[in-house]
Amino acid sequence: MNRKKLQKLTDTLTKSCKHFNKSEVNCLITLFYNLVGEVAERPGVVIGLDRNAFRNILHVTFGMTDDMIMDRVFRGFDRDNDGCVSVSEWIHGLSLFLRGTLEEKMKYCFEVFDLNGDGFISKEEMFHMLKNSLLKQPSEEDPDEGIKDLVEITLKKMDQDHDGKLSFTDYENAVREETLLLEAFGPCLPDPKVVAETAQQAGPIEEPSLFQDPLDANRFSSHLSQMEFEAQVFKDPHDFHDI
Ligand SMILES: [Ca+2]
Ligand SMILES: [Ca+2]
């Protein structure tokens, strides 16, 4: 993409993006096109990350492992539902993912968890997600029983109008009381880690090796925390001045 086009795209996306400044948007656009690779632009062909490419990023970069949740996150990003995350969906998705307010995150997580999109998180949906995300305990004779118990406990805590399913209001009230319930049914946001701790131990971030060396032993874990991701992606705002 030539500079003029990049600048125009940056301007447009910065205007519609709440949580990133211009140089951050620029970094994320560059990252996007690096990830997508060289694709000839043709009319009618959407350039973007398909389901597999996007899931790979979630897995390698943000350490997500749950197939069902990654699929839901993909759908959350792919707002127009065309099967691929475009550059603007990428920027807007990451804006929420990395910098979203509690309100934005609650809305997003609820949509991720409401598997059939009917506006409620049902017992079946909870069961399905918890079964997926919990470690199997081989000693248990019937692991499903344990999950059913967990669904009941969760409902008791969150279902404030006692209709046996979670509306957004139930969910919102419960999360406002206890923020840990935000991702009650599976991790679908990057791990913020303890930011201060990471900053202390990390020291200067070296050459970005994003997506190349996810298991680097020098890292604290096998994936990037939100802060590490931001430190690597938004590495050099000065680059931006000559655009
Ligand atoms: Ca799309
Ligand atoms: Ca539902």
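The values are calculated or read from the model by the stated rules, or taken from the named source; none is laboratory data. In this text, all values refer to a predicted model and were calculated from it rather than measured experimentally. All Cβ positions, glycine included, derive from the backbone under ideal geometry; neighbour counts span all protein chains shown. Note: areas computed on protein heavy atoms with side chains; ligands, DNA, RNA excluded. Shrake-Rupley method; radii C 1.70, N 1.55, O 1.52, S 1.80 Å.
Observations on the model:
- For the pair segment 166-189 and segment 1-74, the centres of their Cα atoms are 27 angstrom apart.
- A simple spin-label model places pseudo-atoms 7 Å from Cα toward Cβ; at residue 52 and residue 67 they are separated by 1.4 nm.
- Neighbourhood charge, 13 Å Cβ-Cβ cut-off, centred on residue 155 and excluding it, Lys, Arg +1 and Asp, Glu -1: -3
- For segment 29-132, the carbon plus sulfur part of the accessible surface works out to 50%, probe radius 1.4 Å.
- Note on residue 116 and residue 4: the model spin-label points, each 7 Å out from Cα along the C-beta direction, lie 5.3 nm apart.
- Note on residue 153 and residue 235: the model spin-label points, each 7 Å out from Cα along the C-beta direction, lie 4.4 nm apart.
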